[in-house]
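Contents: one structure, followed by commentary.
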Amino acid sequence: HDYKRTIAVNYLAPVQLISTLIQRFKEAKTHIVNISTYNVLMKTPPKWSAYVSSKKAMHSWFESNIPEMALMNITVSNIYFPLIESRMKDANKKYKNTHAMSMDKAVDIIIKGLLNPNYQFKPWWHIPFQVVLFLAGPLWNVFWYQLIRQKKY
């Protein structure tokens, strides 16, 4: 049931809402702020398949529809957040002491996204991290296999 609920909340509901309102959005020259997770830009770690798959589906939907929306004078800002300091983060024991972006910084980024058409945000470490993922890609499954096997994840 987690897959169904996660897909419903993170993908199906937003797509249905935007699709239902698209004509009104066109008339109003609307600006949409798509707030997502940085995970959509990287390989999916074990135990996160439901969440990341639903977020990647939404990411793909926006990527494929942005050109059509642009023709309707609908602009889109994409924000890809890393982990953010929050009660939700603290509820997960594994992330309780993990470094994360401050809530104030996240709010500032959202405001920039609201005020600036076509604003894009990815963490400062996006490009170096993508290079590391590319180079270490073949070792991804080996790394996770070892962690899971040793019961460290």
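A few remarks follow.
- Protein heavy-atom surface of the stretch 62-149, 1.4 angstrom probe: 65% of the accessible area is carbon and sulfur, with nucleic acids and ligands not counted.
- Probing with 1.4 Å while keeping every protein chain in the model, the per residue accessible area of the chain equals 68 Å².
- For the stretch 1-130, the C-alpha radius of gyration sits at 1.12 times the compact-globule guess of 2.2 N^0.38 Å, with N the residue count.
- Largest mean-square fluctuation among Pro117, Pro128, Pro67, in a Gaussian network model of the chain whose springs join Cα atoms under 10 Å apart, belongs to Pro128.
- Farthest toward the positive end of the dipole of the chain, out of Tyr95, Ile84, Met69, is the Cα of Tyr95, where the dipole comes from beta carbon charges about the Cα centre.
The values are calculated or read from the model by the stated rules, or taken from the named source; none is laboratory data. Model, not experiment: these values are computed from the prediction. As a convention, Cβ positions derive from the backbone with ideal geometry for all residues, glycine included, and neighbour counts pool all protein chains shown. To get the accessible areas, we keep the full protein, side chains included, count just its heavy atoms, and leave off ligands, DNA and RNA. Shrake-Rupley method; radii C 1.70, N 1.55, O 1.52, S 1.80 Å.
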